[in-house]
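First comes the structure, then the notes that go with it.
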Amino acid sequence: MATENLIWDIFIWVKAFHVIAVIFWMAGLLLLPRFYVYHSTAKPGGELEAQMLIAEARLMKIIMNPAMVVAFVLGLALIAYRHADLFSSAWLWVKLVFVFGLIGFHGMLSADRKKFARGERPRSEKTYRKLNEIPSIAAIVIVIMAIVEPF
Ligand code: HEM
């Protein structure tokens, strides 16, 4: 019984830190495309561009990359504890499809950041405004899957 309680305690702490990491990751995924909207219209080589490059690099390297790794690793630990029988939870698969979509989106933002750093303008301001909606929609689906577990 004592061991069961300990394992449950570990599970809920891991889940708490999973959700904390997810919040930091999502904050970056929502903010970075917004930074790119401003960056796309900044004068090449100007003061605003220099400031945006620093802000983008810090957001990606200090917040987004570590938060994504922590969310993913703790998420896998949660699967191992409670959902090792992967085939009994369809909601988990739907969640994972959207999570991999977010990882791909993260990769695209990372590639664009390197292009901005080389002085390029990878996409238009309008495109970044539209791309901004992707993480919002994915987060809504993922949270409903994780909490409601509809199927
Ligand atoms: C990175 C890969 C991810 C994996 C492998 C993963 C996996 C999991 C697992 C297995 C659980 C435990 C479910 C349970 O209580 O039995 C969980 C909880 C949760 N996850 Fe994730 N997740 C990931 C990313 C995300 C993302 C991106 C979000 C939100 C945008 C999210 C939101 C949540 C929430 C809110 C809970 C708590 C659910 C509850 O206690 O009812 N997860 N996750």
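List of remarks:
- Inter-label distance, Val97 to Arg58: 3.9 nm, where each label sits 7 Å from its Cα along the C-beta direction.
- Scanning the chain for DSSP H helices at least 20 Å long along the axis (C-alpha atoms) with a Kyte-Doolittle mean no lower than 0.0 picks out 2-41, 65-82, 90-117, 133-148.
- Computed per residue of the chain from DSSP H runs no shorter than four, each worth -39500 (n - 2.57), the mean residue ellipticity at 222 nm is -27500 deg cm²/dmol.
- For segment 2-148, with +1 on Lys and Arg beta carbons and -1 on Asp and Glu, the positive-most of Leu74, Pro122, Met64 along the dipole: Pro122
- Accessible-area composition of segment 11-84, carbon plus sulfur, in percent [1.4 Å probe]: 75
- Considering only Ala146, Met108, Ile20, the residue lying farthest towards the positive end of the dipole of the chain is Met108, judged by Cα position with unit charges set on Cβ.
- Per-residue extension of 0.36 nm, minus the Cα-Cα distance of Leu76 and Arg129, leaves a gain of 15.9 nm for this segment.
- Fully extended contour minus Cα-Cα distance, from Asp9 to Ile23, at 0.36 nm per residue: 2.9 nm
- Spatially close Lys pairs in segment 38-129, defined by Cα atoms under 23 Å apart and a spacing of eight or more places or different chains, total 7.
- Per residue, the solvent-accessible area of segment 2-148 (1.4 Å probe, heavy atoms of protein chains only, all protein chains present) comes to 58 Å².
- Residue list for segment 113-129, given a label point 7 angstrom along the Cα-to-Cβ vector of Ala50 and an amide N cut-off under 17 Å: 117-119
- Per DSSP, loop trypsin sites (Lys or Arg not before Pro) in segment 29-133 with at most 14 further Cβ within 10 Å: Arg118
- log10 of Debye I(q)/I(0), alpha-carbon scatterers only, for segment 19-85 at 0.18, 0.20, 0.22 Å⁻¹: -0.69, -0.78, -0.86
- Sorted largest first, extent of segment 65-118 alpha carbons per principal axis (Å): 47, 19, 9
- Distance cut-off 19 Å, percentage of C-alpha pairs in the chain lying past it: 58
The values are calculated or read from the model by the stated rules, or taken from the named source; none is laboratory data. Because the structure is predicted, anything quoted here is derived from the model rather than measured. All Cβ positions, glycine included, derive from the backbone under ideal geometry; neighbour counts span all protein chains shown. Ligands, DNA and RNA are excluded from the accessible area calculation, which covers all protein heavy atoms including side chains. Shrake-Rupley method; radii C 1.70, N 1.55, O 1.52, S 1.80 Å.
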